[in-house]
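Before any comments, here is the structure.
The values are calculated or read from the model by the stated rules, or taken from the named source; none is laboratory data. Just so we're clear, the structure is a prediction, and the values are computed from it rather than from any experiment. Reconstructed Cβ throughout: ideal geometry from the backbone, glycine too, with neighbour counts over all protein chains shown. Surface areas here come from the heavy atoms of the whole protein model, side chains and all, with no ligands, DNA or RNA. Shrake-Rupley method; radii C 1.70, N 1.55, O 1.52, S 1.80 Å.
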Amino acid sequence: MSSKIVPVIMAGGKGTRLWPLSRASAPKQFLEFLGETTLFQKTLSRVADAVLYAAPVVVTNSDFRFLVAEQARAAGVALASILLEPVARNTAPALAAAATFVARLHGDDAIMQVLASDHEIDADATYFDCIARAAAAARSGRLVTFGITPSEPATGYGYIETGEDLGNGANAVRRFVEKPDHMRATAMLAAGGYLWNSGMFMLPVGLFLRELRQYAPAVLEAAAEAVAKAQHDLDFERLDEAAFSRAPDISVDYAIFEKTPIAAVVPSPITWSDLGSWDSVWKTGWQDEAGNVVDGSTTVLDTRNSLVISRDIHVAVQGLDNVAVIASEDAVYVGRMEDSQNVGKLVKHLASLPKTAKLTETHPTSYRPWGGYTSVLNGERFQVKRLFVTPGKRLSLQKHHHRSEHWIVVRGTAEVTIGDRTIPLRENESVYIPQGEVHRLANPGKILLELIEVQTGSYLGEDDIIRIEDEFGRG
């Protein structure tokens, strides 16, 4: 049996509680909130120790497959595989598929650590001590969850009531408690023996599969068949859709942990947040002498205990207390800090209105496996975009039926194919792509390539692309 722990990183969530930065197509795990590293990349860094960990397995969905691959490459972390869920089926089917896959790679004796990709954790000595204690408990025959030592009577988390001391820093799980109201949360903290449910696990693979077979056989049957019929696609394993769709939509807590007699919890006095609201981002950030957390292009004056973030425009906040002001490229959120737990309600309202629904789904900046683009200006028969292409990447060989394109290089060097010609394009140089002409853009250089693209024509939708050749497997 290998002594290495196999990390399984859950990265398929599409939460919008941190709107307007987080959208359905660009959720929080892939965004930089406070600093220059995404939450997903921070998660990868916590399992980068090759002595302690095997290569990670990431579970996500098809929409995020290239984001996962590119951010892992940028972080310098080699992945064992990326499992693609064809439909959302909650955590029990996802972990059943992951455990089945890990058993194939490492055998039933493997220990897998399940991590959320969107948590903020201080990975200090205390954290890794908790990892060691959880691994020991798992190897002794327990399904282990991590319980965070509460710092306040929070109502945004579920709780775990601890049972008997099992030794080695683990306790039996007495029961799980749904998210309480403030009065009940205060009473539980006063009583003691309650921990926040972190949603992180340490699982002996064979034992976990056995418990699935006993308590959630329909989940295991569907997940195992989905893995058996999975299609290998570049760096990805596409789980079979017909099989996976038959899995019940159920969490691993309900399916297994609330039923099994071998559940254990490791009390974890670590600095942890699921970053589920803007006030939790404020609590984890560096606060100035007035209690403000600021990031990006911002100015604050006579303001206290506030969170101010801007990704594009300059935001100035004056004379306010206890507010969150978050500006993205195309939307601004302003609210009292205590109301930030309810941003999801606001997002649902926006999504119900035709004029604002798109604001909940996509950003002006969209990411692609080769880089991405930002929509700058849209008119009736024209569109202006900023393209950015990662070094060594190239777009598909393609053509458009309804539009022409003009490219102007503003940074880096481009290699442009037009018909049977390939030409270099340097900064301040431009080229015209006629409607219907076969063309391709590539970045042969060592730095990011940036261009301004001006599209003109009768139809400018993204679906007017005929891909003739594509190294990313897109039709």
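In region 330-348, what residues are touching a helix residue (DSSP H, G or I) at 6+ places or on another chain (Cβ under 8 Å) and either surrounded by 13 or more Cβ atoms within 10 Å (Cβ to Cβ) or among the aliphatic types (A, V, I, L, M) (or both)?
D330, A331, Y333, G335, M337, S340, Q341, V343, V347
Identify, please: which residue in region 276-318 is small (G, A, S) and in contact with a Gly (Cβ under 8 Å, 6 or more places away or on another chain) and is, among those, modelled with the lowest pLDDT?
Within region 276-318, the first condition is being small (G, A, S), and the residues that meet it are 276-277, 280, 285, 290-291, 296-297, 306, 310, 316.
Checking the rest, the ones that are also in contact with a Gly (Cβ under 8 Å, 6 or more places away or on another chain) come to 276-277, 280, 306, 310.
On the way: G276: 86, S277: 90, S280: 90, S306: 98, S310: 94.
Of everything passing the filter in region 276-318, G276 is modelled with the lowest pLDDT.
In region 271-320, what residues are more than 20 Å from A331 (Cα to Cα), free of Cβ contacts under 8 Å to residues at least 24 places away in the same chain, of a type outside the set (K, R) and open to solvent by 80 Å² or more (accessible area, probe 1.4 Å)?
Answer for region 271-320, where residues must be more than 20 Å from A331 (Cα to Cα), free of Cβ contacts under 8 Å to residues at least 24 places away in the same chain, of a type outside the set (K, R) and open to solvent by 80 Å² or more (accessible area, probe 1.4 Å): E289, L301, D302.
Among T38, T43, which is hydroxyl-bearing (S, T, Y), modelled with pLDDT of 95 or more and surrounded by 19 or more Cβ atoms within 10 Å (Cβ to Cβ)? Working first, answer last.
Numbers: T38 fails: modelled with pLDDT of 95 or more.
Matching residue, one of T38, T43: T43.
Give me the strands (runs of 3 or more DSSP E) completely within region 407-475, filtered to those with at least 1 residues that are surrounded by 12 or more Cβ atoms within 10 Å (Cβ to Cβ) and of a type in the set (S, T, N, Q), ordered by residue number.
Strands (runs of 3 or more DSSP E) meeting the threshold: 414-418, 430-433, 449-457.
Where in region 98-190 are there strands (runs of 3 or more DSSP E), lying fully within it, with 2 or more residues that are open to solvent by 60 Å² or more (accessible area, probe 1.4 Å) and more than 27 Å from V58 (Cβ to Cβ)?
Working: elements: 111-116, 143-148, 159-167, 170-177.
Of the strands (runs of 3 or more DSSP E) lying wholly inside region 98-190, those with at least 2 residues that are open to solvent by 60 Å² or more (accessible area, probe 1.4 Å) and more than 27 Å from V58 (Cβ to Cβ) span 159-167, 170-177.
Being of a type in the set (G, A, S) and either in contact (Cβ under 8 Å) with a residue 40 or more places away in the chain or closer than 28 Å to A132 by Cβ (or both) is the filter here; which residues of region 198-227 pass it? Lay out the reasoning, then the answer.
The initial filter retains those residues of region 198-227 that are of a type in the set (G, A, S), namely 198-199, 206, 216, 218, 222-224, 226.
Passing the criteria: S198, G199, G206, A216, A222, A223, A224, A226.
Looking only at region 260-270, decide whether some residue is touching an Asp or Glu at 6+ places or on another chain (Cβ under 6 Å), among the aliphatic types (A, V, I, L, M), assigned to a strand (DSSP E or B) and crowded, with 21+ Cβ neighbours inside 10 Å.
Checked against the condition, which is being touching an Asp or Glu at 6+ places or on another chain (Cβ under 6 Å), among the aliphatic types (A, V, I, L, M), assigned to a strand (DSSP E or B) and crowded, with 21+ Cβ neighbours inside 10 Å, region 260-270 yields no hits at all.
If only one of A351, A327 is without any contact (Cβ under 8 Å) to a residue 12 or more places away in the chain, closer than 15 Å to S22 by Cα, surrounded by 13 or more Cβ atoms within 10 Å (Cβ to Cβ) and not acidic (D, E), which one is it?
Going through A351, A327 in turn, the sole match is A351.
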